[in-house]
Amino acid sequence: MIRLEKVTKRYPNGHVAVDQATLTIHRGEFVFLVGPSGAGKSTLARLLYHDEVATTGEVYVDQFRLRRLRRRQVPHLRRQLGVVFQDVKLLNERTVYQNVQFALEVVGASTHDMRQRVPELLDLVGLANRHRSLPAQLSGGEQQRVGIARALANRPKYLIADEPTGNLDPETARGIVQLLAEINRRGATVIMATHAKDIVNQMQRRVVALEGGRIVRDEARGVYGYEA
Amino acid sequence: MRLRTIGYFLRETGRGLTGSGWMSLASVTTVALALFVLAFFSVLSLNINQAAGAINRQVEVRVFFKPTTTHAAEMTFVTQVRHWPGVRRVNYFTKAQALNQLRAQFPHDQALFQLIKQGNPLYDGFDLYSHKAGQIPDLARRLRSTPIVQEALDQNLVIQRLQALTTVMTDAGYVIEIMLALATLFIISNTIRLGVFARRREIQVMKLVGATDWLIRWPFLLEGVVLGLVGAGLADVAVSFGYHWVGVQAAKSLSFFPLAPTATVEHSTELPTLVGGVAMGLVGSLWAVRRFLRA
Ligand SMILES: Nc1ncnc2c1ncn2[C@@H]1O[C@H](COP(=O)(O)OP(=O)(O)OP(=O)(O)O)[C@@H](O)[C@H]1O
Ligand SMILES: [Mg+2]
């Protein structure tokens with residue numbers, strides 16, 4: 001379970017990006033974070049994976065209390081969370097296979113585990129036959145699939161996607177969201193910040209809307225609600 | 001630690017070293033230079049101490065007569081000195097005896113033979129022993145004020161001066177060493193920082209997927225240590241060859257100056273240079289990753 005209690009994030013320059021946000025996300029949910037540019041979606045996501053720390057209030061991710069998290073515990077938190085970005089952040093000199101393997105390698109997975117897990121993940125994201133390609137040889141959608149496979153490598157309970165389809169055409173974007181839905185169906189909680197109006201409206205999932213850092217709307221089967 | 005993890009460290013370290021080639025070379029060179037200077041000063045002090053040690057501590061004052069003095073005048077003076085207050089014993093020697101002693105001490109010295117062939121350059125003189133050490137400076141002064149005396153060496157004073165020289169040398173060494181060490185740290189840490197910068201995307205991904213800080217740091221620390229060790233190795237090689245060369249030159253021209261043997265020098269410099277190299281590598285890389293692996 002993820003829980004935000006009156007969370008405020010004030011950046012060092014004084015800008016309040018998240019303002020008194022209270023929110024509960026249960027295991028297995030699929031949540032869209034929507035809102036105009038600058039509303040605080042990315043900031044909220046970053047609070048979840050401890051890239052930023054709340055100024056006041058408290059963020060809970062399962063047993064972790066994020067404002068009191070010790071440095072040494074951050075890696076443990078991060079292994080519970082997969083993170084996906086608009087600019088996938090793949091390692092350009094490594095193949096698809098190696099990019100996914102990297103996530104397993106650096107948390108100390110055994111060779112046996114990696115041999116089993118990497119093909120499994122590539123299969124899941126539909127790139128089994130592209131494992132030798134370099135990121136530059138892939139389309140944007142395919143790159144994002146690699147990013148998702150990497151985020152899932154350590155079997156996180158939560159997948160946090162910050163505008164994963166921001167760079168993609170609508171058709172490709174739909175494919176990516178369907179993949180996220182499939183991942184959600186398999187048990188992972190998915191939190192996706194997005195501007196993709198059509199997708200949000202079509203999916204009929206929970207929608208949390210932010211404006212000026214405040215949560216202004218939270219609907220179980222919501223719609224995008226803004227002009228895209 | 002798993003074997004796989006060690007493999008990962010070694011691979012990443014190798015990548016780091018080859019990745020920043022010229023900077024690695026610059027680092028190794030400065031480490032080597034700094035350690036060579038360290039070794040240079042320690043070898044110099046070693047030799048001054050050796051020279052101080054070679055001075056006969058039994059003899060208290062060594063007196064040389066002016067070359068023009070007649071044997072009769074020398075003997076008269078020695079007899080007088082025997083009755084001076086504070087004098088316990090006087091051992092007279094001629095320059096021929098002094099020469100024989102030198103020859104016995106350095107039987108293989110070619111330069112010495114050349115010198116001797118052209119005539120004996122040594123002096124007649126005597127060794128003087130006092131009743132109390134406190135009387136030595138007065139005795140030496142009184143001897144020096146005698147017209148036929150060329151020089152009266154207070155042996156303790158010579159030792160003290162050599163020791164003072166060692167102290168000055170060591171202090172100067174420290175100052176130079178600290179400056180060189182700082183310069184070296186600066187270059188090593190910049191080399192490592194370059195590596196951190198080149199791999200910032202990887203580091204970002206590693207953090208996101210939950211790699212520990214130490215897993216991220218280790219390859220950089222190892223890289224620093226390797227730079228330090230290679231530098232130390234180069235410095236040691238330079239010291240060995242350099243000192244051997246000095247030894248050869250010295251044997252040709254001043255072999256009666258008791259240089260410390262090469263093996264002794266190598267033994268006394270290897271450990272400090274290795275420790276110094278590793279320390280500089282480690283501190284330099286820690287410095288680099290501390291500043292760049294925050295949050
Ligand atoms: N590191 C920072 N320092 C200061 N202000 C920041 C920082 N990051 C974001 N902000 C500000 O905080 C506000 C929220 O930013 P955030 O990136 O969370 O918005 P967003 O909802 O993700 O917007 P977008 O839809 O454009 O991605 C913005 O006004 C932004 O300028
Ligand atoms: Mg954003």
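Structure notes:
- Segment A:1-44, subset in a strand (DSSP E or B) and within 10 Å of ligand 1 (Cβ to nearest atom), residue farthest from the other protein chains (Cβ to nearest Cβ): A:Val34
- Members of segment A:74-90 that are assigned to a loop (DSSP other than H, G, I, E, B) and within 12 Å of chain B (Cβ to nearest Cβ): A:Arg79, A:Gln80, A:Asp87, A:Val88, A:Lys89, A:Leu90
- Residues of segment B:177-225 that turn out to be in a helix (DSSP H, G or I), within 12 Å of another protein chain (Cβ to nearest Cβ) and either out of contact with any Phe, Trp or Tyr (no Cβ under 9 Å at 6 or more places or on another chain) or at pLDDT 90 or above (or both), as a count: 13
- The listed residue being within 16 Å of ligand 1 (Cβ to nearest atom) and within 30 Å of A:Val16 (Cα to Cα), out of A:Ala151, A:Ala161, A:Ala220, A:Ala173: A:Ala161
- Within segment A:156-211, strands (runs of 3 or more DSSP E) holding 2 or more residues that are within 14 Å of chain B (Cβ to nearest Cβ) and more than 16 Å from ligand 2 (Cβ to nearest atom): A:158-162
- Selection status of A:Gln137, without any contact (Cβ under 8 Å) to a residue 12 or more places away in the chain and more than 14 Å from chain B (Cβ to nearest Cβ): yes
- Filter result (within 13 Å of ligand 2 (Cβ to nearest atom) and surrounded by fewer than 16 Cβ atoms within 10 Å (Cβ to Cβ)) within segment A:27-48: A:Pro36, A:Ser37, A:Gly38
- Hits in segment B:167-218 - residues which are in contact (Cβ under 8 Å) with a residue 60 or more places away in the chain and of a type in the set (S, T, N, Q): B:Thr170, B:Thr184, B:Ser189, B:Asn190, B:Thr191
- Test result for B:Gly233, more than 14 Å from every other protein chain (Cβ to nearest Cβ), at pLDDT 90 or above, surrounded by 15 or more Cβ atoms within 10 Å (Cβ to Cβ) and under 30 Å from B:Ile48 (Cα atoms): yes
- Taking the criterion of being away from every other protein chain (no Cβ under 14 Å) and either out of contact with any Ser or Thr (no Cβ under 8 Å at 6 or more places or on another chain) or under 22 Å from A:Asp169 (Cα atoms) (or both), the residues of segment A:111-132 that qualify are A:Gln116, A:Pro119, A:Glu120, A:Leu122, A:Asp123, A:Leu124, A:Val125, A:Gly126, A:Leu127, A:Ala128, A:Asn129, A:Arg130.
- Taking the criterion of being surrounded by fewer than 15 Cβ atoms within 10 Å (Cβ to Cβ) and within 13 Å of ligand 1 (Cβ to nearest atom), the residues of segment A:194-217 that qualify are A:Gly212, A:Val216.
- The listed residue being crowded, with 16+ Cβ neighbours inside 10 Å and over 19 Å from A:Arg217 (Cβ atoms), out of A:Asp19, A:Asp51, A:Asp62: A:Asp51
- Residue match in segment B:119-135 (condition: assigned by TED's automatic domain parsing to the domain that holds B:Ala73, assigned to a helix (DSSP H, G or I) and at pLDDT 80 or above): yes
- Here A:Ala54 clears all of (1) assigned to a strand (DSSP E or B); (2) more than 13 Å from ligand 2 (Cβ to nearest atom); (3) touching a residue at least 24 places away in the same chain (Cβ under 8 Å) except the condition numbered (1).
- Counting only residues that are assigned to a loop (DSSP other than H, G, I, E, B) and charged (D, E, K, R), segment A:124-155 holds 2 of them.
- Residue match in segment A:39-56 (condition: under 26 Å from A:Lys197 (Cβ atoms) and over 14 Å from the mean Cα position of the chain (by Cα)): yes
- Qualifying residue in segment A:63-73 (condition: more than 14 Å from chain B (Cβ to nearest Cβ), among the basic types (Lys, Arg), within 16 Å of ligand 1 (Cβ to nearest atom) and in a helix (DSSP H, G or I)): no
The values are calculated or read from the model by the stated rules, or taken from the named source; none is laboratory data. These figures come from a predicted structure and were not determined experimentally. Methodologically, a virtual Cβ is constructed for each residue, glycine included, from the backbone with ideal geometry; neighbour enumeration extends over all protein chains shown.
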